[in-house]
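Here the structure comes first, spelled out in structure tokens, and everything after it is commentary.
The values are calculated or read from the model by the stated rules, or taken from the named source; none is laboratory data. This is a predicted model, so every value here is computed, not measured. Heads up, the Cβs are rebuilt from the backbone with ideal geometry, glycines too, and the neighbour counts pull from every protein chain shown. Note: areas computed on protein heavy atoms with side chains; ligands, DNA, RNA excluded. Shrake-Rupley method; radii C 1.70, N 1.55, O 1.52, S 1.80 Å.
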Amino acid sequence: MTFYKTLLKHIRHWPANWHRTGPLALSHKLNPCRGLLTDGSAARPRITENSVEVFSHVYPRDDMTNVTDKILSKVGCQLHNRPHHPLWLIKERIKDHFYRSYIGRTGNPLFSVHDNLSPVVTVEQNFDSLLIPPEHPSRKKGDNYYLNRTHMLRAHTSAHQKELVRSGLDRFLLAGDVYRRDEIDSNHYPVFHQMEGVRLFSNHELFARVENGEELSLFESGGRRTPQKQETHTLEAVKLVEFDLKQALTRLMRHLFGEDLEIRWVDCYFPFTHPSFEMEVRFQGDWLEVLGCGVMEQELVCSAGAGNKMGWAFGLGLERLAMVLFGIPDIRLFWSEDERFLKQFRLSDIYQPVIFQPLSKYPPLFNDISFWLPAEGYTENDFYDLVRSIGGDLVEKVTLVDEFTHPNLLQSCLHTACTIKKESRLTLVLSLESTVTKRVSHCYRVTYRHMERTLTQEEVRIIHGAIEQAAEKELGAQGRY
């Protein structure tokens, strides 16, 4: 639902062509951008028996290490910094909008941009700095890529919020690659790209344009947390920050989608903002979630050394926007080196309209795999990660098509128990009740499809056989094939 409806009605929208005719006649022409591996001299990340090596740093392996060679091969690719790549185009459009929307007295952009930070972060950066509790499910080994107990591949760009605020920044954009273990389909990939923004306000900055603003304050003592505010914030400060946030993001999305875009706000929960919202836009008849945002938790701001300020933050997925705006149907295409894909985005101007023209779609091949799950420790993401490691981008989708619990195995085993000595019978029965009756089988359908040619069942069968063997060896599954 929409908060602050009456205020949003009075947002003054800039003319659609303001960014082309305003006082900052910055060029939209495409320019080279920097990256971590521009000269190719850095050593490739690799896994050895005892360590993980990334960007010349060595991280000892331990019981939390679960990053794979396949995932490490993506580290340093920085698709968001490759000129003419569709993710780069979205990033540049967002950056250009903020540069033109927030201008200092000298004519310089007020928002700084940080798109080259290492994706290797500490667990403290990724979770603790954002007030994510130790028991929160987002920390699970099954959902993240850990180098060891203390370091990981970032799961969100927000992992850098605290360090950037601590450095003295109060307005910045941040873009980068992030890593999460997830399901396999056309909308999910273990590496994707986020962009986020942060803006902090001092007491003077927030209330400067408010009548008698010098009498107002960001903070109050003895307050209480409600659905509308944090305990340390005054209600008037929260409402002004919330209004500024929603106004900024409304302008951004209408800049990307068009001035007639219909927008709605949905209340939600994030550990690092309160109140928190998701923005949905109406596109081609459907409501699409495009970003999350909110008023930054004051504890986070204070821990970064900016306790005299409060502010907002937002985060969005670059792939999500690019797939919608450019009509890209499969997330794997962002990693394609196919010239037929790449040349479609070689534009002379970042605002030049472009809609993806589909490549020839080659036929899929379907192969099923069925196995008994190990007694403990199995998660579906373990299997998805194994499939990605072996099948790579040839795997289009993995679907759980059947889940089976054996109904008669206990009865059969109890019949066998009747033939053994009485003193051993009770022990066996108790053991069987705790293990045999819980034996579960999963059957997955793996869809294989090459993006550039037709696959044969013979070559797919080799890959599928390797997945079957690895499921038994690495996951402790027992095959039913």
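All of (1) open to solvent by 10 Å² or more (accessible area, probe 1.4 Å); (2) within 19 Å of residue 308 (Cβ to Cβ); (3) out of contact with any strand residue (DSSP E or B) (no Cβ under 7 Å at 6 or more places or on another chain) hold for residue 199 with one exception: (3). In the set (1) more than 20 Å from residue 205 (Cα to Cα); (2) open to solvent by 10 Å² or more (accessible area, probe 1.4 Å); (3) more than 16 Å from the chain's Cα centre (by Cα), the condition left unmet by residue 277 is number (2).
Determine, yes or no, whether residue 303 is of a type in the set (Gly, Ala, Ser) and open to solvent by less than 50 Å² (accessible area, probe 1.4 Å). So residue 303 passes the test. Whenever a residue of segment 355-371 is open to solvent by 40 Å² or more (accessible area, probe 1.4 Å) and modelled with pLDDT of 95 or more, its partners that are acidic (Asp, Glu) and not in a loop (DSSP other than H, G, I, E, B), lying with C-beta atoms within less than 7 angstrom and at least six residues away or across chains, give the pairs 364/396. For segment 295-307, the criterion of being hydroxyl-bearing (Ser, Thr, Tyr) and more than 30 Å from residue 227 (Cα to Cα) is satisfied by no residue at all. On the stretch given as segment 221-254, residues that are within 22 Å of residue 352 (Cα to Cα) and touching an Asp or Glu at 6+ places or on another chain (Cβ under 9 Å) total 1. Of the residues examined, residue 49 is not one that is buried (at least 16 other Cβ atoms within 10 Å of the Cβ), modelled with pLDDT of 50 or more, of a type in the set (Asp, Glu) and outside any helix (DSSP H, G or I).
Can you name the residue in segment 70-117 that is of a type in the set (S, T, N, Q) and open to solvent by 40 Å² or more (accessible area, probe 1.4 Å) and, of all such residues, is modelled with the highest pLDDT? So, considering only residues that are of a type in the set (S, T, N, Q) and open to solvent by 40 Å² or more (accessible area, probe 1.4 Å), the one modelled with the highest pLDDT is 73. A count restricted to segment 210-231 and to residues that are among the hydroxyl-bearing types (Ser, Thr, Tyr) and open to solvent by 50 Å² or more (accessible area, probe 1.4 Å) stands at 1. Within segment 123-177, being β-branched (Val, Ile, Thr) and either surrounded by 22 or more Cβ atoms within 10 Å (Cβ to Cβ) or touching an Asp or Glu at 6+ places or on another chain (Cβ under 7 Å) (or both) holds for 157, 165.
Residues in segment 53-98 that are in a loop (DSSP other than H, G, I, E, B) and free of Cβ contacts under 8 Å to residues at least 60 places away in the same chain: 56, 73, 76, 82, 83.
How do the pairs read when you match residues in segment 383-399 that are among the basic types (Lys, Arg) with residues anywhere that are part of a helix (DSSP H, G or I), using Cβ under 9 Å and keeping only pairs 6 or more apart or on different chains? Note: pairs meeting the criteria are 388/70; 388/71.
When residues in segment 395-412 are screened for being buried (at least 20 other Cβ atoms within 10 Å of the Cβ) and assigned to a helix (DSSP H, G or I), 0 of them pass. If you check 265, 335 for being out of contact with any His (no Cβ under 6 Å at 6 or more places or on another chain), more than 15 Å from residue 161 (Cβ to Cβ), surrounded by fewer than 20 Cβ atoms within 10 Å (Cβ to Cβ) and among the aromatic types (Phe, Trp, Tyr), only one passes: 335.
Whenever a residue of segment 293-317 is closer than 30 Å to residue 189 by Cα, its partners that are open to solvent by 20 Å² or more (accessible area, probe 1.4 Å) and small (Gly, Ala, Ser), lying with C-beta atoms within less than 8 angstrom and at least six residues away or across chains, give the pairs 293/315.
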